[in-house]
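One structure is given below, encoded as structure tokens.
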């Protein structure tokens, strides 16, 4: 069964919600956020540090195809196994500021669960910029593809 | 259905995309918009005209000034902005689900 990700982002607000249901027991979903080895797999990132506990912190490093490195980091403010994580998130060297992330892990049945991600940004303008990142990248990629094709036709 | 093609044409151009991002937060005059670009003012005007024809932008008379704003009646465009963001998370979560199902099998074995 296909389960779709839902985004709630009201106009002019500095927050958004990401909601998704999984065909997984809630403890397995939680492990995907708590264990470094698993985070590395699905996020496609190197986990330099992940202290899954209150007052812990984390540091990820992602390398793109060209070899450019991007750093991510944050501090963990609340860590309740199988229920809740509150943490900050920051992309190193970008103007997007620090965002506060509240994760709620909700069991539905023994084998299904939901993730509710509440993300609060420093301002509504910053939220919109982050929201538009994949949009802008997608359009740039489409544009580059068109240019590639045009170049070959010359 | 024409609308969809027009919207796509409008956002396929980098300058028009930049104009949309500019006026997304506040309505602006043509002069204020043009001040953000190195391009000649008539070129920016042409882009504005296309965006209006595509109904992505709306003109509003305010005294002697004409302000350009995103057409608020069309949430469709907002959804277009958000869709790639949603898709990115959907892809990540699909991967997460796929990987964790393998862990689930290991547990039950």
Test of understanding: in a Gaussian network model of chain A with alpha carbons linked when under 10 Å, which of A:65, A:20, A:83 would top the mean-square fluctuation ranking?
A:65
Roughly speaking, what is the stretch gain from residue A:82 to residue A:106, that is 0.36 nm per residue apart minus the C-alpha to C-alpha distance, in nm to one decimal?
7.8 nm
Space enclosed by the convex hull of the alpha-carbon atoms of region A:6-153, per residue, Å³:
143
Per-residue ellipticity at 222 nm attributable to helices in chain A (runs of n ≥ 4 DSSP H, -39500 (n - 2.57) apiece, nearest 500 deg cm²/dmol) works out to -10000 deg cm²/dmol
Degrees, to the nearest 10: A:124-153 long Cα axis against longest axis of chain A:
40
Averaged across A:19-31, how many Cβ atoms of other chains sit within 10 Å of each residue's Cβ atom?
4
Checking A:18, A:76, A:102 against a Gaussian network model of chain A (alpha-carbon springs below 10 Å), the top fluctuating residue turns out to be A:18
Inter-chain shielding of A:4-15 (mean C-beta neighbours from other protein chains, 10 Å cut-off):
3
Taking every residue in B:96-107, how many Cβ atoms of other protein chains lie within 10 Å of its Cβ, on average?
5
Exposure proxy check on A:52, B:45: fewest-to-most Cβ neighbours within 10 Å is B:45, A:52
The simple spin-label model distance between residue A:125 and residue A:14, using points 7 Å out along Cα→Cβ, in nm, is 1.2
Label point 7 Å beyond Cα of residue B:98 along Cβ direction - residues of region A:26-43 with amide nitrogen under 11 Å
A:42
Of A:89, A:135, A:30, the one that fluctuates the most in a GNM where chain A has Cα springs shorter than 10 Å:
A:135
Residue A:90 versus residue B:107, label points 7 Å from Cα toward the beta carbon: distance in nm?
3.5
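No value in this document is a laboratory result; all are computed from the given coordinates. Nothing here was measured: the structure is a model prediction, and the numbers come from that model. In this analysis, Cβ positions are derived from the backbone assuming ideal geometry, glycine residues included, and neighbour counts consider all displayed protein chains.
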